[in-house]
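For reference, the structure discussed in these notes is given below.
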């Protein structure tokens, strides 16, 4: 929207600018040429509270009659209509600018930004434009916030009417009376805003002041804080940098003209702040340079060539840049506005008189006269801004339409979001659909799915150990447990099966614990010696094997639960990614972080409960595997022996990873010589079924009775069991102690204690007990590895995950009150915040539509 017009001498040619001066001529006729033809117009009236109120309807009627008497000729009427069009255009832009500031909009409308160093005269120049003094120069450090001054030429305003726009609103406050109190009002508002922002030094949020006066032009200027080199005492050290950054931000938009002030006593080559202008406007295409306090520099000139050289700025500024030279009154004793305006006119006349009479040969009036004096600067800026307003009107109207559409879309989105936040039923339906989708994805991953990328979501055995809370199998720190596919990246059901195989290998690798020392064994054997005359050694071996199994296998079972739970917990992230890929952005409830956190927590809580349940069930099954019933049945089983596992020479991660890669390579070699052939299946181990859970006691007892009957019937003639076999030893049909063992030819039971001298236990007796205990330990280990643990882990982890996950999560998330459920989707006060944002957007839309309609009417008039 900005114009690329370059400010050169031709722009300000008085003859070329004649068509644009009709309304200025009209103004001067209204104010000077025919003052006697105008009837007295009571512009304002004082209310009881001392504030100035606007003219009444009767005042407006009086003004209409006066203007009709003034413009009786057709030429005067044309000029008056031109003035009214110009005034309406400027007033529309002023209201649009105020609305943009209030709503935080960034609209590319023509504006003038005054920049320069502190004490370079920006505030004095602003007072000169306004036509009255309001002592802004007396405020400490000048302006700390940008000050947008909207000057409105109102012929009826014999006294200035200054009003400040309310913060965050497009409404203006009451007029400030007297006008000399304007500076104090600006300072109070600035300090209050800076204090509210945390005590910062400057703020980029502007203050908007509307000034209506008969002696000010239709002009809008943004006054900025002056550049400083060093912060004052009590100010933050970074204040100069903050001012620099803020001023650059104000001057950077290409639709803004830059009014750069510099004291005339400063040489062009020594300018401190001219480089700042070049950073935002490298070719000075939208910059007007003003040399202030020109009367001080005039004293240094004696001849024409000196003043002409300075005025041309040859060699220092680009040829297209023609600066203005301004001098203003210095007498601070001037109080009334009339004296102030008269003094400005006298200073301009004195400057021209000195250039003509006080300098030998005068100066080049044709080149420089239009650039000297405040009146010429004022006239140029008013006409340039008016021209830009006319050129920008079509683009501004299009921009307003675009912003209206954009803000209306934002308002509609805010309405939908507010309605969604208030509609708990819709939130429940969407949340239930998403939670069910995630649960289904988890089930698919457990059953086997080829969609997720294993390289992204899978883990090797070593990575799985390191990430879980069970990096090593207890009791096997010096041995390597390498299941098949240990180097493959697996997840879900495949990782679960691999971990089961690893657990089986770990259990089979466990040896009879060394913690069962000789003293401990002797304590057990001696305690049974006093209670059993015969068979005490067997009982001692059972007790030793029972304690060894609990000490060695219990930690392994706990570690297995930890590993299985870790594998299942990882599935949530994979399932959530899959659900997001299959559902739309609105269906996956992506913005609601609290809901996703609650859903994840619900999944993790369910898996934690399964872990505790599995731990409890495995502990119960370990008790069953070491019970007396199981010990009786182990007598019928052959000794499974020990599984050899290679010892580890190093526990470093690198070697472990290398071992897994070798294992993976070995897995790949287990094919029948051709690509695509399935690997050779693992040999199924033969095992005997033993009771799995005491929860079904009746069924277990029935199985035991049936099997023991079969064993008893295998005897010779039914008089008793065969050699080394048990009778039916259930509580209902328990045999006597003397018949529990059937031994031929008076043979001594294995592991029976023998006495050496009556009090000492022989070495051979101790060895027999330990040997029997080791055999029983191996049988318990085999039963746990092949029977108890795999079935229990699958029943307590996999079955609930596939059958009850969705139901458990739904009960945890949705079985709650509407207020509690809505808390996952909005924080406390979020609905009120959404409603406030909706109302703010509605006000923005209303204001933009109003401005757009005004510009449309303005376009019709033009």
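For the list (1) modelled with pLDDT under 85; (2) surrounded by fewer than 22 Cβ atoms within 10 Å (Cβ to Cβ); (3) in a loop (DSSP other than H, G, I, E, B), I need the number of the one condition that residue 144 fails.
Exception for residue 144: condition (2).
Name the one entry in 225, 217, 240 that is under 27 Å from residue 184 (Cβ atoms) and more than 37 Å from the chain's Cα centre (by Cα).
None of the other options fit; the residue is 217.
In segment 387-400, what residues are touching a residue at least 60 places away in the same chain (Cβ under 8 Å) and surrounded by fewer than 21 Cβ atoms within 10 Å (Cβ to Cβ)?
387, 389, 390, 391, 392, 393, 394, 395, 397, 399, listed by residue number.
For the structure I just gave you, tell me whether residue 367 is touching a residue at least 12 places away in the same chain (Cβ under 8 Å), part of a helix (DSSP H, G or I) and surrounded by 15 or more Cβ atoms within 10 Å (Cβ to Cβ).
no
Taking the condition of being crowded, with 17+ Cβ neighbours inside 10 Å and either in a strand (DSSP E or B) or in contact with a helix residue (DSSP H, G or I) (Cβ under 8 Å, 6 or more places away or on another chain) (or both), how many residues in segment 245-267 meet it?
Going through segment 245-267 one residue at a time, the tally reaches 12.
Considering each residue of segment 304-327, count those that are part of a loop (DSSP other than H, G, I, E, B), crowded, with 17+ Cβ neighbours inside 10 Å and in contact (Cβ under 8 Å) with a residue 60 or more places away in the chain, and give that number.
3
Can you tell me which of 198, 226 is exposed (fewer than 15 other Cβ atoms within 10 Å of the Cβ) and assigned by TED's automatic domain parsing to the domain that holds residue 117?
When all the criteria are applied, what remains is 198.
Spot the failing condition for residue 807; the list is (1) closer than 30 Å to residue 426 by Cα; (2) crowded, with 16+ Cβ neighbours inside 10 Å; (3) modelled with pLDDT of 85 or more, and only one is missed.
(2)
Among residues belonging to segment 587-622 that are out of contact with any helix residue (DSSP H, G or I) (no Cβ under 7 Å at 6 or more places or on another chain) and outside any helix (DSSP H, G or I), point out the one that is modelled with the highest pLDDT.
592
Given the options 794, 837, name the one that is more than 24 Å from the chain's Cα centre (by Cα) and either modelled with pLDDT of 75 or more or in the same structural domain as residue 495 (by TED's automatic domain parsing) (or both).
From the options 794, 837, the qualifying one is 794.
Would you please name the residue that is nearest to the chain's Cα centre (by Cα), looking only at residues in segment 467-500 that are touching a residue at least 60 places away in the same chain (Cβ under 8 Å) and assigned to a helix (DSSP H, G or I)?
467
Take segment 201-214 and flag every residue that is at pLDDT 85 or above and either part of a strand (DSSP E or B) or surrounded by fewer than 18 Cβ atoms within 10 Å (Cβ to Cβ) (or both).
Listed by number, the residues that qualify are 205, 207, 208, 209, 210, 211, 212, 213, 214.
Here is a list of conditions, (1) in contact with a strand residue (DSSP E or B) (Cβ under 9 Å, 6 or more places away or on another chain); (2) surrounded by fewer than 21 Cβ atoms within 10 Å (Cβ to Cβ); (3) without any contact (Cβ under 8 Å) to a residue 40 or more places away in the chain, and residue 289 meets all of them except one; can you say which number that is?
So residue 289 meets the others, but not (2).
Given 464, 402, which one is outside the structural domain of residue 803 (by TED's automatic domain parsing), more than 28 Å from the chain's Cα centre (by Cα) and part of a helix (DSSP H, G or I)?
Of the residues listed, the single one that is outside the structural domain of residue 803 (by TED's automatic domain parsing), more than 28 Å from the chain's Cα centre (by Cα) and part of a helix (DSSP H, G or I) is 402.
Among the residues of segment 328-364, which ones are more than 60 Å from the chain's Cα centre (by Cα) and either within 18 Å of residue 126 (Cβ to Cβ) or not in a loop (DSSP other than H, G, I, E, B) (or both)?
Residues satisfying the conditions are 346, 349, 350, 351, 352, 353, 354, 355, 356, 357, 358, 360.
Restricting attention to segment 433-488, which residues are closer than 29 Å to residue 580 by Cβ, in contact with a strand residue (DSSP E or B) (Cβ under 8 Å, 6 or more places away or on another chain) and surrounded by fewer than 18 Cβ atoms within 10 Å (Cβ to Cβ)?
Across segment 433-488, the qualifying residues are 454, 467.
Out of the residues in segment 159-189 meeting the condition of being farther than 29 Å from residue 851 by Cα and out of contact with any strand residue (DSSP E or B) (no Cβ under 8 Å at 6 or more places or on another chain), tell me which one is modelled with the lowest pLDDT.
180
Residue 516: at pLDDT below 90, in the same structural domain as residue 607 (by TED's automatic domain parsing), out of contact with any strand residue (DSSP E or B) (no Cβ under 9 Å at 6 or more places or on another chain) and buried (at least 17 other Cβ atoms within 10 Å of the Cβ), yes or no?
Against the criterion (at pLDDT below 90, in the same structural domain as residue 607 (by TED's automatic domain parsing), out of contact with any strand residue (DSSP E or B) (no Cβ under 9 Å at 6 or more places or on another chain) and buried (at least 17 other Cβ atoms within 10 Å of the Cβ)), residue 516 qualifies.
The values are calculated or read from the model by the stated rules, or taken from the named source; none is laboratory data. As the structure is a prediction and not an experimental result, all values here were calculated from the model. Positions of Cβ are backbone-derived with ideal geometry, glycine not excepted, and every protein chain shown enters the neighbour counts.
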